[in-house]
Amino acid sequence: PGFIDAHVHLVEGGVETLGVQLGEAQSVDEMVALARDWARRHPEAAWVVGGGWDASLFNDVLRAEQLDAIGRPVFLSSADAHSAWVNHAALREAGVDASTPDPDDGRFERDASGLPNGTLRETAVDLVAEFLPAPTERDLDLGLEHALGLARAFGITAAVDPNVDEDLLAAYARAEAAGRLDLRVHTATELLPGEHEEAVAQLESMRARYESERLKVDAAKFYVDGVVESQTAALVDPYQDGLDVHPAFSRDEMFAAALAVDAAGFDVHAHAIGDAAVRLSLDAIEVVERAHGRRDRHPVVAHVELVHPGDLARFATTGALAAFQPLWAYPDPYIRDWTIPVVGADRAERLYPLRSVAEAGGTLVGGSDWSVSTMNPWAAIEVAVTRADPEAGGAPLAASEAISLREVIAAYTRDGSLALGRASELGTVEVGKLADLVVVDRDPFTVPADRLSEVRVTARFV
């Protein structure tokens with residue numbers, strides 16, 4: 001069956017490829033040179049924008065002054081999009097100085113005098129990003145075209161884009177009208193704490209205007225927490241240094257928003273990385289069903305880096321889909337240098353608990369979170385089976401959390417269809433379903449586990 005990517009930013013990720021590309025950079029000097037070169041080649045750009053820098057390498061060494069000589073505002077997001085590196089011109093444009101307080105659920109890293117030093121975390125990123133020039137229609141169309149080409153090459157026939165707005169939906173609609181939207185896209189729109197009435201009204205308006213055969217508007221995106229590396233993920237127990245981080249939503253806000261979203265016929269799609277955020281998401285899904293009764297829902301809890309042992313079975317009882325990014329479940333520098341030291345060895349053995357959720361009866365679905373990481377499902381499939389680096393091998397991460405090849409393929413196909421609410425149409429190869437299919441160059445069940453990432457898609461049908 002065709003692959004279903006249950007968490008991928010097609011338009012946003014595609015637009016990002018038009019800016020400064022920092023994913024391969026290994027030094028601050030190299031990143032500065034790449035930004036300077038992009039600025040030279042784009043003299044018309046009011047801002048120098050890009051991203052992809054590796055927070056495991058550069059988490060605490062980036063400073064505004066390193067980018068000041070470029071002479072224009074510079075905004076460079078990290079690969080995980082939860083941090084950004086900006087120069088003083090960008091801070092001035094945003095009106096940020098030493099007197100600017102840290103926003104709720106975010107912070108400005110500061111120098112000894114209290115002046116923001118150019119590294120932004122979580123919602124502090126948004127305070128500067130709102131001053132970026134909006135992408136043009138051409139930018140959005142080119143970005144989506146690039147993303148669709150990758151999806152085609154990797155055999156992805158359906159996707160969930162979990163963070164769209166009016167402009168992004170319009171780009172999808174233009175692509176469909178031109179006959180270029182060659183996969184099925186389901187979308188979610190961000191919902192902020194305390195703003196659920198406005199978000200539901202927007203969702204209803206966009207559903208009425210944009211839904212079509214290939215494009216669906218069917219969920220609200222809840223950013224329930226941040227990420228472990230910058231210690232903004234919400235944990236049940238404090239971080240190793242005693243830092244106690246709570247979800248971005250209070251219980252009352254989360255429940256009120258989830259109830260409003262469900263009453264309008266939309267689903268919850270929660271970004272939940274820490275175990276406290278996962279718990280709150282599951283609590284909200286339970287509250288919705290108790291209040292509104294059973295219906296054909298497909299709530300998604302995405303990322304799921306940590307789940308408290310007491311909550312494992314609740315994926316089964318709530319029907320929440322655990323949308324993992326399996327590619328992240330190996331000991332890369334993020335895990336070794338930034339995650340394990342702050343969560344501790346005991347919790348490290350529970351990172352990305354695919355096996356534990358599955359054995360407790362939960363349903364796993366697969367996603368890439370591109371452009372954070374590759375859209376290629378086969379790289380993620382290999383890591384799900386080996387829990388090791390798909391390029392270099394080596395020691396696994398929490399090896400007991402590995403799952404079988406059959407299970408991870410099901411997560412990207414049969415069970416991925418549940419994230420779209422379309423299990424009767426998609427996800428398996430059987431008479432009566434839509435013929436969304438891929439052909440690969442070898443039988444994956446004959447391939448050694450540590451070479452699964454070498455499997456290639458040779459044809460795709462939608």
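The values are calculated or read from the model by the stated rules, or taken from the named source; none is laboratory data. Computed from a prediction, not measured in an experiment: that's the story for all the values here. Ideal geometry is used to build each Cβ from the backbone, glycine not excepted, and the neighbour counts take in all protein chains shown. SASA here: full protein model, heavy atoms, side chains in, ligands and nucleic acids out. Shrake-Rupley method; radii C 1.70, N 1.55, O 1.52, S 1.80 Å.
Points to keep in mind about this one:
- Taking each residue of the range 182-205 that is touching a residue at least 60 places away in the same chain (Cβ under 8 Å) and looking for partners that are of a type in the set (S, T, N, Q) and open to solvent by less than 50 Å² (accessible area, probe 1.4 Å) with beta-carbon atoms closer than 6 Å, six or more apart or interchain, yields Leu183/Thr157; Leu203/Thr189.
- Taking every residue in the range 29-46 that is closer than 13 Å to Gly19 by Cα and outside any helix (DSSP H, G or I) and pairing it with any residue that is open to solvent by 60 Å² or more (accessible area, probe 1.4 Å) and among the aromatic types (Phe, Trp, Tyr), at least 6 positions away or on another chain, yields no pair with a Cβ-Cβ distance below 7 Å.
- Filtering the range 431-461 to residues that are assigned to a loop (DSSP other than H, G, I, E, B), among the β-branched types (Val, Ile, Thr) and surrounded by fewer than 18 Cβ atoms within 10 Å (Cβ to Cβ) leaves Val431, Val447.
- Residue within the range 146-163 that is within 21 Å of Arg63 (Cβ to Cβ) and in contact (Cβ under 8 Å) with a residue 40 or more places away in the chain present: no
- Screening the range 241-267 for residues that are open to solvent by less than 20 Å² (accessible area, probe 1.4 Å) and not in a loop (DSSP other than H, G, I, E, B) and picking the one that is farthest from Thr189 (Cα to Cα) gives Met254.
- Test: residue in the range 15-27 that is without any contact (Cβ under 8 Å) to a residue 60 or more places away in the chain and within 17 Å of the chain's Cα centre (by Cα): yes
- The residue pairs whose first member lies in the range 411-422 and is within 22 Å of Phe266 (Cα to Cα), whose second member is open to solvent by 30 Å² or more (accessible area, probe 1.4 Å) and aliphatic (A, V, I, L, M), and whose beta carbons are closer than 7 Å, counting only pairs six or more residues apart or on different chains, are Ser417/Ala423.
- Matching residues, the range 320-345, being within 23 Å of Leu364 (Cα to Cα), assigned to a helix (DSSP H, G or I) and free of Cβ contacts under 8 Å to residues at least 60 places away in the same chain: Trp328
- Within the range 109-132, residues that are under 12 Å from Gly95 (Cα atoms) have Cβ atoms under 7 Å from residues that are hydroxyl-bearing (Ser, Thr, Tyr) and surrounded by fewer than 21 Cβ atoms within 10 Å (Cβ to Cβ) in these pairs: Pro116/Thr100, counting only partners at least 6 apart in sequence or on another chain.
- Residue under evaluation Arg414, criteria (1) on the phi < 0 side of the Ramachandran plot; (2) in contact with a helix residue (DSSP H, G or I) (Cβ under 8 Å, 6 or more places away or on another chain), criterion not met: (2)
- Ala158 open to solvent by less than 10 Å² (accessible area, probe 1.4 Å), under 21 Å from Val372 (Cα atoms) and not acidic (Asp, Glu): yes
- Residue list for the range 365-387, filter: in a strand (DSSP E or B) and touching a Phe, Trp or Tyr at 6+ places or on another chain (Cβ under 6 Å): Gly366
- Applying the condition of being of a type in the set (Gly, Ala, Ser) and either more than 30 Å from Trp328 (Cβ to Cβ) or assigned to a strand (DSSP E or B) (or both) to the range 80-98 and asking which residue is farthest from the chain's Cα centre (by Cα) yields Ala98.
- Candidates Val342, Val304, filtered to the one that is within 22 Å of the chain's Cα centre (by Cα), over 20 Å from Thr386 (Cβ atoms) and not charged (D, E, K, R): Val342
- Looking only at residues of the range 196-254 that are basic (Lys, Arg) and closer than 18 Å to Ala277 by Cβ, we find that the one that is nearest to the chain's Cα centre (by Cα) is Lys221.
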